[in-house]
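As structure tokens, the structure follows; a few thoughts come after it.
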Amino acid sequence: MEQRHLGRTGLRVSRIGLGTLTWGRDTDEHDAADLLKTFSEAGGTLVDTADVYGGGEAEYVLGQLVEGLVPRRDLVIATKAGSVPDPDRRFDGSRAHLLSALDASLARLGTDYVDLWQVHAFDPATPLDETLQALDIAVSSGRARYAGVSNFCGWQLAKAGTWQLAAPGIRTRLASTQMEYSLLQRGVEREVLPAALDLGIGLLPSSPLGRGVLTGKYRNATPADSRGASDHMAPFVAPYLDDAATRIVDAVTTAADGLAVTPLQVALAWIRDRPGVAAPIIGARNSQQLTAALSVEALSLPDEICQALDDVSAPVHRYPDQDWSTL
């Protein structure tokens with residue numbers, strides 16, 4: 001699998017990442033082992049997790065598999081901290097919480113360091129410089145090799161990235177930002193992506209297949225074994241089952257038929273090769289699904305197909321978005 005630099009850093013990652021959102025909850029250790037083995041054998045290196053996935057079980061399962069199944073040196077392990085199970089405070093970006101959470105993540109992962117440590121979300125109750133100082137401490141102490149953020153809107157990312165660049169050699173450059181991005185969700189193109197491109201921050205798209213909808217599996221009905229049919233994941237899928245999404249999925253399916261490939265491959269190739277994208281994060285339920293996704297490595301979409309998909313999924317950009325002067 002092709003390797004890409006993560007933003008304007010020296011860290012190289014596989015251009016498809018493996019997500020672990022369901023590990024320790026819907027995906028047991030046996031299935032997780034199959035996924036990790038399949039991913040590594042295909043040349044994949046980037047494995048993304050978080051301290052809240054499965055209540056910490058995702059990190060624990062991954063930690064149990066590293067070394068015994070795949071050498072630690074062959075993986076780029078990314079995790080996140082900052083989301084908390086508190087209905088009154090969803091995010092805690094305080095230095096105290098973040099550094100304690102990192103130590104707990106390292107213990108569950110069974111490693112002395114993570115390759116990429118990400119702030120899971122912006123915390124409006126904590127000064128941003130305090131949150132970012134936790135990243136600096138984590139890197140300077142050797143507990144993290146690189147740092148990034150997740151779910152920061154445009155101004156938040158621009159502020160954070162600029163703050164870190166203001167003191168080179170003292171503050172840690174942001175390597176990445178992880179955001180939902182797909183043909184069904186192109187909101188990051190308004191302000192997040194321009195900020196990331198300007199600051200040299202790599203984009204790690206989550207839900208690159210539109211929460212599974214872009215595979216075409218929901219075109220006629222909801223499969224009984226799909227996330228859309230499960231009690232806890234159905235609300236996650238539902239927003240992308242509207243008429244607008246149907247038109248985009250139909251276009252993806254038409255393109256797939258014309259290229260003699262699958263809708264999954266078309267949708268994943270489109271997002272993988274967007275400007276600024278380092279590695280879409282795939283959350284497969286089993287090794288068969290993952291193998292189907294990894295087969296996209298040999299596919300590059302023709303310019304005409306890309307343009308057609310751009311047109312059918314184009315978000316509405318009005319004042320004062322990028323290039324507003326042309327409107």
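If the condition is being over 20 Å from the mean Cα position of the chain (by Cα) and in a helix (DSSP H, G or I), then segment 21-34 contributes 29, 30, 31, 33, 34. For the residues 26, 31, the requirement of being more than 22 Å from residue 13 (Cβ to Cβ), buried (at least 17 other Cβ atoms within 10 Å of the Cβ) and out of contact with any helix residue (DSSP H, G or I) (no Cβ under 6 Å at 6 or more places or on another chain) singles out 31. Of everything in segment 218-248, what is assigned to a helix (DSSP H, G or I), modelled with pLDDT of 75 or more and open to solvent by less than 50 Å² (accessible area, probe 1.4 Å)? Give them in sequence order. Within segment 218-248, 237, 240, 244, 245, 248 meet the criteria. Inspect segment 249-270 for any residue being more than 12 Å from residue 205 (Cβ to Cβ), of a type in the set (D, E, K, R) and surrounded by fewer than 19 Cβ atoms within 10 Å (Cβ to Cβ) and give the result as yes or no. The answer is yes; a qualifying residue exists.
So, of the residues in segment 139-154 that are within 24 Å of residue 281 (Cβ to Cβ) and without any contact (Cβ under 8 Å) to a residue 40 or more places away in the chain, which turns out to be most open to solvent (accessible area, probe 1.4 Å)?
For segment 139-154, the residue satisfying everything is 151.
When each of 186, 190 is tested for being out of contact with any strand residue (DSSP E or B) (no Cβ under 7 Å at 6 or more places or on another chain), within 30 Å of residue 247 (Cα to Cα) and at pLDDT below 95, the lone residue that passes is 190. Cβ separations smaller than 6 Å between residues 6+ apart or across chains give the following pairs from segment 179-193 residues that are part of a loop (DSSP other than H, G, I, E, B) to residues that are among the aromatic types (Phe, Trp, Tyr): 184/240.
The values are calculated or read from the model by the stated rules, or taken from the named source; none is laboratory data. None of the values given here were measured: they were computed from a predicted structure. Ideal geometry is used to build each Cβ from the backbone, glycine not excepted, and the neighbour counts take in all protein chains shown. Heads up: the accessible areas ignore ligands, DNA and RNA and are worked out on the full protein's heavy atoms, side chains in. Shrake-Rupley method; radii C 1.70, N 1.55, O 1.52, S 1.80 Å.
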